[in-house]
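The structure under discussion appears below in the form of structure tokens.
The values are calculated or read from the model by the stated rules, or taken from the named source; none is laboratory data. Small disclaimer: the values here were computed from a predicted structure and weren't measured. Cβ coordinates were reconstructed from backbone atoms using ideal geometry, including for glycine residues, and neighbour counts include every protein chain displayed. Note: accessible area is taken over every heavy atom of the protein model, side chains too, but ligands, DNA and RNA are not part of it. Shrake-Rupley method; radii C 1.70, N 1.55, O 1.52, S 1.80 Å.
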Amino acid sequence: MATEFQKRVWKTLELIPEGRVTTYGAIAAYLDTKAVRAVGSAVGKNPKAPEVPCHRVVKADGRLGNYSGKGGQTTKRRLLENEGVMVKEGRIVAFEEHFFDFEKGDG
DNA sequence: TACATGACTATCC
DNA sequence: GGGATAGCCATGT
């Protein structure tokens, strides 16, 4: 069974619109916590991978980081590219432009 | 309860 | 600029 913390993280992931990406630190900050490690752990254990856009979560430096899903980083890159987020050499292209801020929202 | 690990991040040399 | 270390919180054993 998932903990409240994990569920909060997954809920947050669903807030990320298409064509946008965010970082573990941003999620932690949105949840008013500094547990970036716990966030990453929770994201990786999402029971509904296809529902939760975990692929829209990347590292603070713009790299994809890891991906526990099928295909690993390859699939993560494919998913992002399908949403309009270009990825090159395992890094987000124009990362800062695709970055999604929970506080600001999409508009 | 205690120890070890993790889809991380920031600092130091 | 690259490699290694410390810090952080939660989860699993």
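Summary of computed values
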| item | result |
| --- | --- |
| Within a Gaussian network of chain A (alpha carbon springs, distance under 10 Å), most fluctuating of A:VAL36, A:VAL58, A:VAL85 | A:VAL36 |
| Dipole in debye (nearest 20) - the stretch A:4-97, about Cα centre, beta carbon charges: Lys, Arg +1; Asp, Glu -1 | 360 |
| The stretch A:4-97 - percent of accessible surface contributed by carbon and sulfur, probe 1.4 Å | 46 |
| Semi-axes of the equivalent ellipsoid for the stretch A:6-63, Cα gyration tensor, largest first, Å | 15, 14, 10 |
| P(r), alpha carbons of chain A - 10 Å bins starting at zero, rounded % | 16, 53, 29, 2 |
| Chain A, helix-only ellipticity at 222 nm - DSSP H runs n ≥ 4, -39,500 (n - 2.57), divided by all residues, nearest 500 | -10500 deg cm²/dmol |
| Among A:LYS45, A:LYS70, A:LYS11, residue whose mean-square fluctuation peaks in a GNM of chain A (springs only between Cα atoms under 10 Å) | A:LYS70 |
| Relative contact order (percent, whole number), chain A, Cα cutoff 8 Å, 6+ residue spacing | 31 |
| Two-site label geometry, A:ARG37 and A:GLU51: point separation in nm, points 7 Å out along Cα→Cβ | 2.9 |
